[in-house]
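First comes the structure, then the notes that go with it.
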Amino acid sequence: MLLIPCPWCGPREDDEFTFGGEADIPRPADPDALTDEQWADYLFMRDNRRGHHREQWCHTAGCRRWFVVERDTVTNEILGASTYGDSQ
Amino acid sequence: MSSPTPRRSPLGAIESVQHPPQEAQLFERPFLTQINLRLDPADSEALAAIQLVLGVQLPLTPNTTAAGQELLAAWLGPDEWLLLTEHHQPDALVTNLQAALTGHFASVVDTSAGQTVIRLSGPSALDVLARGCALDLHPSAFPPGACAQTLLARAQALLIAVDAAPTFDIIVRRSFAPYVAAWLQDSAHQFDLHFPTSDTA
């Protein structure tokens, strides 16, 4: 079990959360200008990092907010959490 | 003109139980007015307008409630609250809130018929809940006035600490209510649960 620190509600068990994949992938400002390859890269391609990873989680059963968690994918250690406002 | 359809509370059909009140006590608080309110907490003008209507300041600290004379406001999210009251009719309160929020980016939704409130109290309430909830609900960690949305027996629930008896209000969706009530009865079985229900307003 992971104990995930929701920036609002504090540490809660992972049953309450939904995983949202890699964080920090901005939507292209002008999608029409992209090639199919570039669009597919934005839509589908994700890093599969070993170690430090920034990822999105939603506190589904709690405050229902999305936020960013930093996690070590090898040890599952949670290194921190931040709201989108904090991380910009 | 035909008579209006009688209201039925989500737990109104459950047979009342058995033992006189001893340790754990469980009953439904049917037909409370429940309003979901969303607005930008940075909009101080909207917050002030809401305070005028409700007589209570919306709690901005996560997982806390604010109690007024006639109404309880529970924090659901950084821009979301649940208003609970038995002193205001839903329609009138929604109208007043909408009028107060004219021109502000906000949402007022009546959820009274969609959820119900189950009250659990008594010294064994903590043991009853601990069987299906991972949160530390001891008054030292979850004092009266605290609230939390979490999973209770895998059902989404809002828990509110009412007093240090301890007493909890458990707010669940209407469709989950019979399941949650049955689960609470099962969990509380060894404590001689008392669970009267009320059918009508």
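The values are calculated or read from the model by the stated rules, or taken from the named source; none is laboratory data. Everything numeric here is computed off the predicted structure, so don't read it as measured data. Every residue, glycine as well, gets a Cβ built from its backbone with ideal geometry; the counts of neighbours run over all protein chains shown. Side chains are part of the model used for accessible areas, which takes the heavy atoms of the whole protein and leaves out ligands, DNA and RNA. Shrake-Rupley method; radii C 1.70, N 1.55, O 1.52, S 1.80 Å.
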Practice task
Can you figure out the FRET efficiency of A:PHE19 with B:ARG7, using R₀ = 30 Å and their beta-carbon distance, to the nearest 0.05?
Solution key: 0.15
Exercise for the section: Could you pull out the longest piece of chain A with no exposed loop trypsin sites (Lys or Arg not before Pro) in it, calling a site exposed if DSSP puts it outside H, G, I, E, B and it has at most 15 other Cβ atoms within 10 Å? Expected result: A:1-45
Problem - Those residues of the stretch A:1-27 for which accessible area with every protein chain present is at least 10 Å² below the isolated value (1.4 Å probe) - result: A:TRP8, A:CYS9, A:ARG12, A:GLU13, A:ASP15, A:GLU16
Fill in the blank from the handout: A 1.4 Å probe over the protein heavy atoms gives the protein assembly as shown a carbon and sulfur accessible-area percentage of 50 percent
Practice task
Just need the relative contact order of the stretch B:33-110 here, percent rounded to a whole number, with Cα pairs under 8 Å and 6+ apart.
Solution key: 41 percent
Problem - Whole-number percent relative contact order across chain B, with pairs defined as alpha carbons under 8 Å at least 6 apart - result: 32 percent
Exercise for the section: Tell me what chain B gives for mean residue ellipticity at 222 nm when only DSSP H runs of n ≥ 4 count, each as -39,500 (n - 2.57), the sum divided by the residue total, rounded to 500 deg cm²/dmol. Expected result: -5500 deg cm²/dmol
Exercise for the section: Over chain B, give the accessible area per residue in Å² for a 1.4 Å probe, as an integer. Expected result: 49 Å²
Exercise for the section: Name the long-range amide H neighbours of A:THR73: under 5 Å, sequence gap of 5 or more, or other chain; modelled H, no Pro or chain starts. Expected result: A:GLY51, A:HIS52, A:HIS53
Handout entry: Along chain B, longest interval not containing exposed trypsin sites (Lys or Arg not before Pro), exposed being DSSP loop plus at most 15 other Cβ atoms within 10 Å
Key = B:9-130
Problem - Residue-count net charge about B:ALA106 - beta-carbon cut-off 10 Å; Lys, Arg +1, Asp, Glu -1 - result: -2
Exercise for the section: Mind listing the lone cysteines of the protein assembly as shown, meaning no other Cys beta-carbon sits under 4.7 Å from theirs? Expected result: A:CYS58, A:CYS63, B:CYS133, B:CYS147
Handout entry: Value of Rg/Rh across chain B [Cα atoms, Kirkwood radius]
Key = 0.99
Practice task
Specify the inter-centroid distance of the stretch A:54-88 and the stretch B:155-177, based on alpha-carbon positions, in whole Å.
Solution key: 27 Å
